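The values are calculated or read from the model by the stated rules, or taken from the named source; none is laboratory data. This one's a predicted model, so the numbers in the text were calculated from it and none came from an experiment. Cβ: placed from backbone, ideal geometry, glycine included. Neighbour counts: every protein chain shown.
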Amino acid sequence: MQLVHGLHFDNLRGDLYGGLTAAVVALPLALAMGVSAGAGPIAGIYGAIFVGLFAALFGGTPAQVSGPTGPMTVVMAAVFTQYTAMFPDDPARGAALAFTIVVLGGLFQILFGVLKLGKYINLIPHPVVSGFMSGIGVIIILLQFGPLLGHPALPGPLASARALPEILSHPVPAAVALGLLSLTVVYLLPARINRLIPSPLLALVLGSVALWLWQGGEISSTVENGKTLYRMGGATVLGDIPGGVPVPRMPVFELALLPGMLKSALMLAALGSIDSLLTSLVADNITRTYHDSDRELIGQGIGNSIAGLFGGLPGAGATMRTVVNVRAGGRTPLSGALHALVLLAVVLGAGSVARYIPHAVLAGILVKVGTDIIDWDYLKRLHRAPKAGVVMMFTVLFITVFVDLITAVAIGMIMASFVFMQRMVELQLDSIVAITSPAPESPLSETESRLLEAAGGRILLFHVSGPMSFGAAKGMARRLAGFDQYDVLILDLSEVPQIDFTSCRAIDDMLHDAWDSGREAYLVSCTPRVQAMLEQQGVLDDRHRDRLLASRREALERGLERVRQRSGD
């Protein structure tokens, strides 16, 4: 097996351009997501470096570029806020627990890959994916209202929404101006310029230079609510950013908090896996290649575990950075690894420049990220989409925003399962044919048709084809209750490949109801698997074992004989 999936050296120029371009796009996004998560801008950069490097080297999607993403940042913001709030007098302790959760999340992803769970990404229906991606986009936008108007970011979308009237009534003019400049650049930059210099980077440079020229470059610091805020004039800026090579930190565990930590880690792992594999599908589509899902999960897990050890944000396959990389020529893991090394070089040499970046500019960039994550394509098709899918989508969106992501996806999958089962039951019920007289579309042979016709409508034949679920069995029992003008019931399971426990009980009830009412009933089963299940569940006891017949013709012959006997009576 190849050590680095998809590695070759025939595309060095394309990989060089792709890696450099992806790094240029990743820099402002990583800074913004580090700030949004509450862990600081350097945490975003570290996450982009370590997840980007190790996911490229050990992952299963050659052209994919990984790093902090909107969905992962939303979850990490909740985790970071939760654990730092537990220890207001020792925020470093809470931060250490939060980054330990990142390490655990990475280990869960490695386990997912080892257990070969990657293929199950295809089982998540589009309305569920659409709902939680759109919900994440709404969360990101809500969280940026405060910084965009010059106020500190608040923990959680609900708090941000509740504080909106107060924020709108007391805007900071400098921050508003910078936020509007940032939004204008990221939304309105012409495509031909955007191809030369990505709009997030241009917004970052223009906003920082504008504030520096306006306020003269002097930064002051104040402490508010236990946090140090850096200001240049009226606008908050990043301030001092640590430089140099990051130092690893050992994970920290507290037994009383371990169940909650594992739950949060599982949430990160599940979301990171879904996010990455969806991006892998996008990369496959663009490059006309096929990724290795399980290997991708292992690579992402290694990257996230190491990122957590170095105080970096968790990450996943980043769709926009991956697309930029491919369009610039990147095709192998070299481009993703190079993107990480370029960011490392930036950390080592550009910390003194990044301190002037305004929070409002980063907020404008993240608003664009949030709107890009929302599934506008599905929303445009709502009037044509199935109602069940629309209900699923909005339910998942609502729970994502107001509860949490794992609950949203779990409820979405439960809803999708019920919808799928209902559709299968409807298809199975359509395959159940109640026959009392021969018809051209009936599955009977010529001999069987003559036997049924000779019975004069006194034989009721229920013919079932395809797998029989409990829902279909109960539907068949309800349909049987609508017939009463018959002497013999034949349940034909000759074309049923398998049945479940509840189906066996429903069949047993139908047979015994017929016998208890003085009618005869026969069961036709040619499949050893079905017959074994029927015998295992005791559907036919010793008194009625001779009613299980091997062919429909034999059942019709015995049924006709019984009808004639009753007529003679």
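With respect to the conditions (1) part of a loop (DSSP other than H, G, I, E, B); (2) touching a residue at least 40 places away in the same chain (Cβ under 8 Å), residue 396 lacks only one, and its number is (1). Count of segment 509-526 residues, restricted to those that are surrounded by fewer than 18 Cβ atoms within 10 Å (Cβ to Cβ) and within 16 Å of residue 469 (Cα to Cα), is 1.
Screening the candidates 299, 329 for the property of being more than 25 Å from residue 120 (Cβ to Cβ), assigned by TED's automatic domain parsing to the domain that holds residue 24 and in contact with a Phe, Trp or Tyr (Cβ under 7 Å, 6 or more places away or on another chain) yields one hit, 329. Of the residues making up segment 439-472, those that are over 17 Å from residue 483 (Cβ atoms) and part of a loop (DSSP other than H, G, I, E, B) are 440, 441, 443, 444, 445, 466, 467, 469.
Selection of segment 355-382 for residues being hydroxyl-bearing (Ser, Thr, Tyr), in a helix (DSSP H, G or I) and crowded, with 19+ Cβ neighbours inside 10 Å yields only 378. Taken as a whole, segment 487-503 holds at least one residue that is modelled with pLDDT of 85 or more, among the acidic types (Asp, Glu), surrounded by fewer than 21 Cβ atoms within 10 Å (Cβ to Cβ) and not in a loop (DSSP other than H, G, I, E, B). Residue 553 meets the conditions (1) over 13 Å from residue 461 (Cβ atoms); (2) in contact with an Asp or Glu (Cβ under 6 Å, 6 or more places away or on another chain); (3) surrounded by fewer than 17 Cβ atoms within 10 Å (Cβ to Cβ) in every case but one. The failed one is (1). Within segment 268-292, the set of residues being without any contact (Cβ under 8 Å) to a residue 12 or more places away in the chain and either part of a loop (DSSP other than H, G, I, E, B) or crowded, with 24+ Cβ neighbours inside 10 Å (or both) comprises 288, 290.
Out of the residues in segment 167-179 that are assigned to a helix (DSSP H, G or I) and surrounded by 14 or more Cβ atoms within 10 Å (Cβ to Cβ), which is farthest from the chain's Cα centre (by Cα)? Let's see the steps before the verdict.
Keep residues of segment 167-179 that are assigned to a helix (DSSP H, G or I), which gives 167-169, 173-179.
From the residues that got through so far, the ones that are surrounded by 14 or more Cβ atoms within 10 Å (Cβ to Cβ) too are 167, 174-179.
On the way: 167: 33, 174: 39, 175: 35, 176: 35, 177: 36, 178: 34, 179: 31 Å.
Checked segment 167-179; the qualifying residue farthest from the chain's Cα centre (by Cα) is 174.
When the residues of segment 504-525 are filtered to those that are closer than 23 Å to residue 567 by Cα and assigned to a strand (DSSP E or B), the one that is nearest to the chain's Cα centre (by Cα) is 523. Sub-6 Å Cβ pairs linking a first residue in segment 399-428 that is in the same structural domain as residue 156 (by TED's automatic domain parsing) to a second residue that is exposed (fewer than 15 other Cβ atoms within 10 Å of the Cβ), at least 6 apart or interchain, are 399/407, ordered by first then second residue.
I'd like to check something: does segment 215-229 contain any residue that is in a helix (DSSP H, G or I) and either surrounded by 10 or more Cβ atoms within 10 Å (Cβ to Cβ) or not assigned by TED's automatic domain parsing to the domain that holds residue 341 (or both)? Give the derivation first.
Step one: filter segment 215-229 for residues in a helix (DSSP H, G or I), giving 215.
Adding the requirement that they be either surrounded by 10 or more Cβ atoms within 10 Å (Cβ to Cβ) or not assigned by TED's automatic domain parsing to the domain that holds residue 341 (or both) leaves 215.
Within segment 215-229 (the criterion being in a helix (DSSP H, G or I) and either surrounded by 10 or more Cβ atoms within 10 Å (Cβ to Cβ) or not assigned by TED's automatic domain parsing to the domain that holds residue 341 (or both)), the answer is yes, since at least one residue qualifies.
Is it fair to say residue 284 is touching a Pro at 6+ places or on another chain (Cβ under 6 Å) and of a type in the set (Asp, Glu)?
Numbers: touching a Pro at 6+ places or on another chain (Cβ under 6 Å): no; of a type in the set (Asp, Glu): yes.
Against the criterion (touching a Pro at 6+ places or on another chain (Cβ under 6 Å) and of a type in the set (Asp, Glu)), residue 284 does not qualify.
Does residue 241 qualify as being surrounded by fewer than 16 Cβ atoms within 10 Å (Cβ to Cβ) and farther than 20 Å from residue 53 by Cα?
On the way: surrounded by fewer than 16 Cβ atoms within 10 Å (Cβ to Cβ): no; farther than 20 Å from residue 53 by Cα: yes.
Answer is no for this residue.
Contact map, segment 120-140: residues that are within 18 Å of residue 370 (Cα to Cα) paired with residues that are of a type in the set (D, E, K, R) and at pLDDT 85 or above, Cβ distance under 6 Å, separation 6+ or inter-chain. Pairs shown: 130/375; 133/375; 134/375. For segment 331-381, the set of residues classified as under 30 Å from residue 8 (Cβ atoms), among the small types (Gly, Ala, Ser) and in contact with a helix residue (DSSP H, G or I) (Cβ under 6 Å, 6 or more places away or on another chain) consists of 335, 336, 337, 340, listed by residue number. Among the residues of segment 407-438, those identified as touching a strand residue (DSSP E or B) at 6+ places or on another chain (Cβ under 7 Å) and either hydrophobic (A, V, I, L, M, F, W, C) or part of a helix (DSSP H, G or I) (or both) are 428, 432, 433, 434, 435.
Applying the condition of being over 44 Å from the mean Cα position of the chain (by Cα) and basic (Lys, Arg) to segment 415-459 and asking which residue is surrounded by the fewest Cβ atoms within 10 Å (Cβ to Cβ) yields 450.
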